[in-house]
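> Once you've had a glance at the structure underneath, I'll fire off some questions.
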Amino acid sequence: MRRSLSLLVLLLLTLPGAVLAQVDSRTASLSKQLGQGQEPRARSQAALGLGTSDDPEAVKPLCGGLKDPSEQVRAAAAQALGKLKEVAGLECLKARKGETDAAAQAAIKASMQVLQELKNQTPRVYVHFVGVKDKTGELKPEVVKFAEARMKRKLTQMGAQLAPAKESKAAAQGVLRKHGIHGFRVQAEIHPTESGGLLVRMVCIGYPDQALLGDVEVQASGAKPEDLLKVLAPRIVEEAADTFEWDT
């Protein structure tokens, strides 16, 4: 099943001259503002912006924001972790149970509840995600990792339980029997297109039985690789789930 996306050049907030870990320039800008902003109000706004960024890389700066000198910023960072819905943020929230400010403490408890419920949700599908291969030969490692993180985030949002990297067939079958769900093994590849864009292909096979089911593709052009992958990475997961009926 082949799908094509047509994109205009994405206009993202940039930070000229900055050397930051994040691939997403908006996340990088907000992270810097949260960590170095002069005014608590500006740092709080940055935290809330990270909470709505849909970017897994926002977890680390938000966890740092929980230690900000301003209770306003700490409360905003805690609230943002709940909105971001990345289970990885649960541990740093738990580490701040001794928060003394009432508003920040309430935000921490509320976000912990959201993330704990997400962590404990009954899985709809079991996915052994092998990873992402760069077939262009030109992408930076951090861009490939960026795409992989986006795919994993989308899988989790769709109710998938991710299988460990190395798992016995018996262990996988035990998970499937316990929850009454199906298992899939997926491998993603990033290819160049003739138009100068990117094509993302995802191959899907049964798991743990290894029966080939097929592949899906989405492609786009007109922007930088990281901007294209910001859209294509979650979209390919949606296509695979729809095509191979992961929730049935």
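The values are calculated or read from the model by the stated rules, or taken from the named source; none is laboratory data. Predicted, not measured: the structure shown is a model, and the values here were computed from it. FYI the Cβ positions are ideal-geometry reconstructions off the backbone, even for glycines, and counts take in every protein chain you see. When the accessible area is computed, the model is the full protein with side chains, heavy atoms only, and any ligands, DNA or RNA have been set aside. Shrake-Rupley method; radii C 1.70, N 1.55, O 1.52, S 1.80 Å.
> Show me, for the stretch 69-83, the HN-Hα J-couplings you get by feeding each phi into the Karplus relation (A = 6.51, B = -1.76, C = 1.60, θ = phi - 60°), rounded to Hz, glycine and proline as x.
Result, ordered by residue: x, 8, 5, 4, 5, 4, 5, 5, 5, 5, 4, 5, 5, x, 5 Hz.
> Using 13 Å as the cut-off for backbone N distance, which residues of the stretch 119-142 belong to the label zone defined by a point 7 Å from the Cα of SER168 along Cα→Cβ?
Flagged as within label range: none.
> Arranged from highest to lowest average of other beta-carbon atoms within 10 Å per residue, in what order do the peptides 71-83, 113-125, 190-202 appear? Don't jump to the answer; show the numbers that get you there.
On the way: 71-83: 24.8, 113-125: 14.3, 190-202: 17.8.
Output ranking for 71-83, 113-125, 190-202: 71-83, 190-202, 113-125.
> Related question: Roughly speaking, what is the centre-to-centre gap between the stretch 23-94 and the stretch 205-248 when only Cα atoms are used, to the nearest Å?
Each part's Cα centre sits 29 Å from the other's.
> Keeping all protein chains in place, calculate the accessible area per residue for the stretch 28-182 (probe 1.4 angstrom), answer in Å².
Values: 8080 Å² over 155 residues.
With the other protein chains kept in place, the stretch 28-182 gives 52 Å² per residue.
> Note the per residue figure in Å³ for the convex hull of the C-alpha positions in the chain. Could you put the intermediate results ahead of the total?
On the way: hull volume 32.6 nm³, N = 248.
So the per-residue Cα hull volume is 131 Å³.
> Another one. Summing +1 for each Lys or Arg and -1 for each Asp or Glu, what net charge is found among the other residues whose Cβ lies under 14 Å from the Cβ of ALA78? All intermediate terms of the calculation are to be shown ahead of the outcome.
Working: positive: ARG43, LYS67, ARG74, LYS83, LYS85, LYS94, ARG96, LYS97, LYS109; negative: ASP68, GLU71, GLU86, GLU91, GLU99, ASP101.
Its environment carries a net charge of +3.
> Mind checking Rg over Rh on the stretch 89-214, alpha carbons, Kirkwood formula for Rh? Walk me through the intermediate numbers first.
Numbers: Rg = 18.7 Å, Rh = 17.1 Å.
With Rg and the Kirkwood Rh in hand, the quotient comes to 1.09.
> A further question on this structure: Below 8 Å between Cα atoms, with a sequence gap of 6+, how large is the relative contact order for the chain in percent?
Values: 443 pairs, mean separation 46.7, N = 248.
Relative contact order of the chain: 19 percent.
> With a sphere of radius 14 Å drawn around the Cβ of PRO164, what net charge do the other residues whose Cβ falls strictly inside it have (Lys, Arg +1; Asp, Glu -1)? All intermediate terms of the calculation are to be shown ahead of the outcome.
Numbers: positive: LYS152, LYS166, LYS169, ARG185; negative: GLU167.
Summing Lys/Arg as +1 and Asp/Glu as -1 gives +3.
> Once both axes come from the Cα atoms, what is the angle between helix 40-51 and the longest principal axis of the chain, in degrees from 0 to 90, rounded to 10?
10
> Run the numbers on the stretch 187-248 and let me know its relative contact order in percent, using alpha-carbon pairs under 8 Å that are six or more apart.
The normalised contact order for the stretch 187-248 reaches 28 percent.
> Residues in the stretch 94-138, backbone N under 15 Å from the label point at ASP247 (7 Å along the Cα-to-beta-carbon vector): list them, ranges by number please.
It comes to 122-126, nothing else.
> Can you give the relative contact order of the stretch 32-82 as a percent, counting alpha carbon pairs under 8 Å and 6+ residues apart? Can you show the working numbers first?
Working: 67 pairs, mean separation 20.5, N = 51.
Rounded, it is 40 percent for the stretch 32-82.
> Most fluctuating residue of GLY137, GLY35, GLY183 in a GNM of the chain with Cα springs under 10 Å: which is it?
It is GLY137.
> Set the Förster distance to 22 Å, then compute FRET efficiency between LYS133 and GLN210 from the Cβ-Cβ distance, nearest 0.05.
Working from the Cβ atoms, E equals 0.75.
> Oh, and also: First compute the accessible area of the chain with a 1.4 Å probe, then give the percent of it belonging to carbon and sulfur atoms. Please list the in-between numbers first.
Working: 6450 of 12760 Å².
On the chain, the fraction of accessible area on carbon and sulfur atoms equals 51 percent.
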